[in-house]
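A short write-up of the structure that comes next.
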Amino acid sequence: MRLTRGVPLFVALLTAFTVAGPAAPAGARSGPPPGCAGQHRIHVPGAGHQETACLGDLTTAGLAGTPYTDMADQAGLAAAGTRNPSGVPGIQIDGYFPDDSRLNATHGWGHDSQFVIRLPANWNGGLVVTGAPGTRRQYSTDALISDHVLAQGFAYAATDKGNTGPDFFTDGRRPGDAVAEWNRRVTELTVAAKQAVRQRYGRAPQRTYMTGISNAGYLTRWQLENRPALYDGGVDWEGVLWTTRGPNLLTSLPVTVARTFGHASDEDLIGAGFAPGSRFLWPYHEKAYWGLTQKVFRAEFDPSYDPACPGATAGSTVERILAPCASDASYDYASRPASVHRAVARVALTGRIGKPLITLHGDLDTLLPIATDSDVYARMIDDRRRGGLHRYYTVQDGTHTDGLYDTYPDRLRPILPCYRSAFAALREWVEEGTAPPADRTIARPAGGDVVNSCALRTP
């Protein structure tokens with residue numbers, strides 16, 4: 001299956017897992033733009049290494065093809081035709097925190113826990129923090145999130161989560177260590193970025209927002225549950241749900257692998273929570289997502305189940321990396337030893353959010369079925385009597401990555417414009433006390449610019 005732009009999306013995604021990324025930043029460009037006074041006095045607390053540059057444009061329009069972003073790592077996340085702002089001068093800080101793993105080759109550093117911090121010349125007093133979705137790296141949401149919030153005047157910080165790529169599960173000593181590190185690295189970056197902001201502008205941010213897509217949506221949920229004092233609110237775009245007893249990825253994905261090997265039917269997938277209307281997306285997800293996702297997270301939380309598969313993938317072919325493990329066709333999370341459930345419990349969500357949160361999820365998500373993910377998480381929040389802090393919007397015909405819209409413009413709609421509307425609604429909620437609309441389904445409009453517009457409120 002190919003995108004209309006002619007790039008096989010699953011190959012593009014895998015390239016994002018494995019390429020070394022751009023060379024090390026070469027320093028400021030000639031004729032430094034305004035807004036960079038004192039840049040060399042900014043020191044990110046706790047960083048093992050940092051490089052600072054004064055740039056004329058911190059958005060992807062200005063950074064594409066330079067060492068300050070990585071366009072390959074953004075592949076497939078946005079629909080063609082997405083309009084992004086540009087022309088935001090300021091300071092960029094690239095660096096890493098001390099770590100003993102070496103999965104992220106960006107900048108030739110061969111060092112995990114890499115981060116990027118962007119400080120616009122015209123600051124609005126706020127900070128937005130995110131982590132990489134999937135197993136991507138720190139520049140992966142530059143076009144989805146960074147461009148938009150920088151243009152509004154926010155400082156921006158993103159982390160690679162401390163481990164990257166299809167071998168992320170090899171990081172750590174105990175089952176669950178790699179994912180647990182994700183949460184720690186977001187907290188670490190948030191604290192450090194606030195101090196960098198204070199150094200640059202002379203005062204700490206008035207508002208700090210946590211946000212992210214997919215695995216970074218999970219990070220948003222976890223931070224607002226466990227570190228709410230650091231943030232004023234968050235937007236969760238189809239966050240991954242981890243619960244100790246299930247549902248979680250290890251309860252929803254095995255049936256997809258079983259179907260790949262002829263041991264489950266389409267009706268079995270529907271019974272497991274996959275939307276009947278998403279059938280046209282199943283062949284692609286079977287090639288690009290299901291087997292890979294099941295095996296790497298099973299290796300992370302349950303490495304004793306099949307130690308030979310997946311195994312480290314260095315030097316492997318694309319086909320081998322994406323291929324499912326036959327053993328996962330019969331994987332039964334409920335019957336696995338208590339040690340596996342304890343590993344998941346270390347990173348599990350509870351629903352006990354401490355700051356305002358807006359969740360968006362597409363009803364045709366074919367990696368994280370909405371019925372076993374955000375529908376459940378919304379109930380968890382209500383059960384914790386935190387529903388007053390939460391709004392939940394189902395995006396009709398939205399799926400896990402907006403890049404698939406380019407292949408199916410007659411069947412899908414991008415979620416990004418709804419995400420941007422949700423972020424605006426969060427700001428109004430936090431900063432002005434204007435409550436967002438009640439939980440609802442955002443219907444796909446019959447016409448108009450569906451790639452760049454989305455109204456949260458019913459006309």
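Annotations for the structure displayed:
- Selection within segment 300-314: residues that are surrounded by fewer than 24 Cβ atoms within 10 Å (Cβ to Cβ) and within 12 Å of P166 (Cβ to Cβ). The member of this set that is modelled with the lowest pLDDT is A314.
- Hey, A158 surrounded by 21 or more Cβ atoms within 10 Å (Cβ to Cβ), within 15 Å of A132 (Cα to Cα), under 13 Å from the mean Cα position of the chain (by Cα) and at pLDDT 95 or above or not: yes
- Taking (1) under 19 Å from Y331 (Cβ atoms); (2) touching a residue at least 40 places away in the same chain (Cβ under 8 Å); (3) assigned to a helix (DSSP H, G or I) in turn, P247 satisfies each apart from (3).
- A Cβ distance below 6 Å, combined with a sequence gap of six or more or placement on separate chains, defines the contacts here; from segment 104-119, residues that are of a type in the set (A, V, I, L, M) reach residues that are in a loop (DSSP other than H, G, I, E, B) and surrounded by 24 or more Cβ atoms within 10 Å (Cβ to Cβ) in the pairs V116/Q138.
- Within segment 217-244, being assigned to a helix (DSSP H, G or I), surrounded by fewer than 24 Cβ atoms within 10 Å (Cβ to Cβ) and not hydrophobic (A, V, I, L, M, F, W, C) holds for E225, N226, P228.
- Residue within segment 421-443 that is part of a loop (DSSP other than H, G, I, E, B), under 22 Å from S140 (Cβ atoms) and among the hydroxyl-bearing types (S, T, Y) present: no
- Verdict on A105 being in contact with a helix residue (DSSP H, G or I) (Cβ under 6 Å, 6 or more places away or on another chain), surrounded by fewer than 22 Cβ atoms within 10 Å (Cβ to Cβ) and within 23 Å of D171 (Cβ to Cβ): no
- The one condition in (1) more than 18 Å from D167 (Cα to Cα); (2) assigned to a helix (DSSP H, G or I); (3) not hydroxyl-bearing (S, T, Y) that K295 fails to fulfil: (1)
- Checking D73, D100 one by one, the residue that is assigned by TED's automatic domain parsing to the domain that holds G172, modelled with pLDDT of 95 or more and crowded, with 19+ Cβ neighbours inside 10 Å is D73 and no other.
- Residue within segment 346-365 that is in a helix (DSSP H, G or I) and at pLDDT 95 or above present: no
- A single entry from V191, V255 fulfils the requirement of being surrounded by 21 or more Cβ atoms within 10 Å (Cβ to Cβ), out of contact with any Ser or Thr (no Cβ under 7 Å at 6 or more places or on another chain) and part of a helix (DSSP H, G or I): V255.
- Residue among L404, L426, L456 that is touching a Ser or Thr at 6+ places or on another chain (Cβ under 7 Å) and of a type in the set (A, V, I, L, M, F, W, C): L456
- Residues satisfying the stated conditions in segment 80-132, i.e. aliphatic (A, V, I, L, M) and within 18 Å of A64 (Cβ to Cβ): A80, V88, V116
- Any chance S278 is in contact with a His (Cβ under 8 Å, 6 or more places away or on another chain), outside the structural domain of P133 (by TED's automatic domain parsing) and of a type in the set (S, T, N, Q): no
- Meets criteria (modelled with pLDDT under 95, farther than 30 Å from T401 by Cβ and not polar (S, T, N, Q)) for P45: no
- Selection of segment 374-393 for residues being touching a helix residue (DSSP H, G or I) at 6+ places or on another chain (Cβ under 7 Å) and surrounded by fewer than 20 Cβ atoms within 10 Å (Cβ to Cβ) yields only G387.
- Residue check for A37: in contact (Cβ under 8 Å) with a residue 12 or more places away in the chain and either over 19 Å from the mean Cα position of the chain (by Cα) or surrounded by fewer than 17 Cβ atoms within 10 Å (Cβ to Cβ) (or both): no
- Selection count where residues are farther than 21 Å from R185 by Cα, crowded, with 24+ Cβ neighbours inside 10 Å and out of contact with any His (no Cβ under 9 Å at 6 or more places or on another chain), scope segment 338-368: 2
- Residue in segment 65-77 that is within 28 Å of G172 (Cα to Cα), in contact with a Phe, Trp or Tyr (Cβ under 8 Å, 6 or more places away or on another chain) and assigned to a loop (DSSP other than H, G, I, E, B) present: yes
- Restricting segment 315-336 to residues that are in a loop (DSSP other than H, G, I, E, B) and free of Cβ contacts under 8 Å to residues at least 24 places away in the same chain leaves a set whose member that is surrounded by the fewest Cβ atoms within 10 Å (Cβ to Cβ) is G315.
- Residue tally, condition under 17 Å from E238 (Cα atoms) and not in a helix (DSSP H, G or I), over segment 368-410: 15
- P445 within 21 Å of L389 (Cα to Cα) and out of contact with any Asp or Glu (no Cβ under 9 Å at 6 or more places or on another chain): no
- Residues satisfying the stated conditions in segment 420-444, i.e. surrounded by 15 or more Cβ atoms within 10 Å (Cβ to Cβ), of a type in the set (A, V, I, L, M) and over 21 Å from the mean Cα position of the chain (by Cα): V430, I442
- Any hit, segment 140-148, residues being under 23 Å from R342 (Cα atoms) and aliphatic (A, V, I, L, M): no
The values are calculated or read from the model by the stated rules, or taken from the named source; none is laboratory data. Nothing here was measured: the structure is a model prediction, and the numbers come from that model. Please note: Cβ atoms are built from the backbone with ideal geometry, for glycine as well, and neighbour counts cover all protein chains shown.
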